[in-house]
Structure formats: structure tokens, C-alpha cells
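**Student:** Shown below is the structure under consideration.
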Amino acid sequence: MDPKISTLELKGLNLGDKGASIICESLKQNSTITKLDLSYNRIEADGASCISLLLKDNSSLAVLDISHNEIKDGVRSISKGLEYNSSLICLTRVRIGDDGAPIITEYLNRNIQMIDS
């Protein structure tokens, strides 16, 4: 990948979970991509697990757009990945469902406590 590329916009390509997995695997060791747009890609819980691993392994990613995907229960995986990624500053318009809100709230509370320490 060209070291000058910092944004990867893959919006609306209907990648699904398999495509998300391939993209995430290829970006794990990338240190130049700071913004990744995976919106409108039909990503569900399995794809969210792959995104979680990307968040764990890639510390340069600062903006992740996974909006308009049906992440739902996959938000648990995403929150685990966020525990390892201290550089992510924007997570936009994620459809997490009613069960996902408490999970994100718990993640935010943990991170706020880490900041306060």
C-alpha cells in the first residue's frame, strides 16, 4: 500500500462479513491508514469480530466509520477491540441495537476511569 495513503473509503461496496475480514486482515500491520470507512457494507456480527481484531492490532486508526451496518450483537466484539486502541477518536453512526447501548456505555465508563487515573 502506498505509504502516502491515509484514508481508505470502501463505502457501499456490499463487502459483507467476508470482505470485511479480508480488509481488516490486510490492515492489521498498516501504520499509514488513519481513517477507514466501511459504511453501508452489510457487515454483521462476524465482520464485527474481524474489526475488533483490527482495532486490537492497529494503533494508527483514528477514525472508523461502520455506520449503516447491522453490527448489533457484534458491538461486544467491537468494544473489546476498543480496549486496545487508544488512538481511535471517532466511531460514527453505528447501529448497535438496544442490547448494544449498555455495552458501549460500559466501555465508555471504563475508559473514562482510565483517563481519570
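**Student:** Would you mind finding the one in Ala62, Ala48 that is more than 16 Å from Asn14 (Cα to Cα) and surrounded by 15 or more Cβ atoms within 10 Å (Cβ to Cβ)?
**Tutor:** Ala62
**Student:** Across segment 18-30, what is the number of residues that are surrounded by fewer than 19 Cβ atoms within 10 Å (Cβ to Cβ) and assigned to a helix (DSSP H, G or I)?
**Tutor:** 5
**Student:** Could you tell me whether any residue of segment 17-38 is on the phi > 0 side of the Ramachandran plot and touching a Lys or Arg at 6+ places or on another chain (Cβ under 6 Å)?
**Tutor:** Checked segment 17-38: no residue is on the phi > 0 side of the Ramachandran plot and touching a Lys or Arg at 6+ places or on another chain (Cβ under 6 Å).
**Student:** Also, I was wondering about something else. Would you point out the residue of segment 1-17, among those that are among the small types (Gly, Ala, Ser) and either surrounded by 15 or more Cβ atoms within 10 Å (Cβ to Cβ) or touching a Phe, Trp or Tyr at 6+ places or on another chain (Cβ under 6 Å) (or both), that is nearest to Tyr84 (Cα to Cα)?
**Tutor:** If we take residues in segment 1-17 being among the small types (Gly, Ala, Ser) and either surrounded by 15 or more Cβ atoms within 10 Å (Cβ to Cβ) or touching a Phe, Trp or Tyr at 6+ places or on another chain (Cβ under 6 Å) (or both), then Gly16 is nearest to Tyr84 (Cα to Cα).
**Student:** State yes or no: is Val94 under 21 Å from Lys4 (Cα atoms), β-branched (Val, Ile, Thr) and without any contact (Cβ under 8 Å) to a residue 40 or more places away in the chain?
**Tutor:** Spelling it out, it is not the case that Val94 is under 21 Å from Lys4 (Cα atoms), β-branched (Val, Ile, Thr) and without any contact (Cβ under 8 Å) to a residue 40 or more places away in the chain.
**Student:** Checking Lys56 against (1) surrounded by fewer than 20 Cβ atoms within 10 Å (Cβ to Cβ); (2) closer than 17 Å to Leu38 by Cβ; (3) out of contact with any helix residue (DSSP H, G or I) (no Cβ under 6 Å at 6 or more places or on another chain); (4) at pLDDT 85 or above: exactly one of these is not met. Which one?
**Tutor:** (3)
The values are calculated or read from the model by the stated rules, or taken from the named source; none is laboratory data. The structure displayed is predicted, hence computed values, not measured ones. FYI the Cβ positions are ideal-geometry reconstructions off the backbone, even for glycines, and counts take in every protein chain you see.
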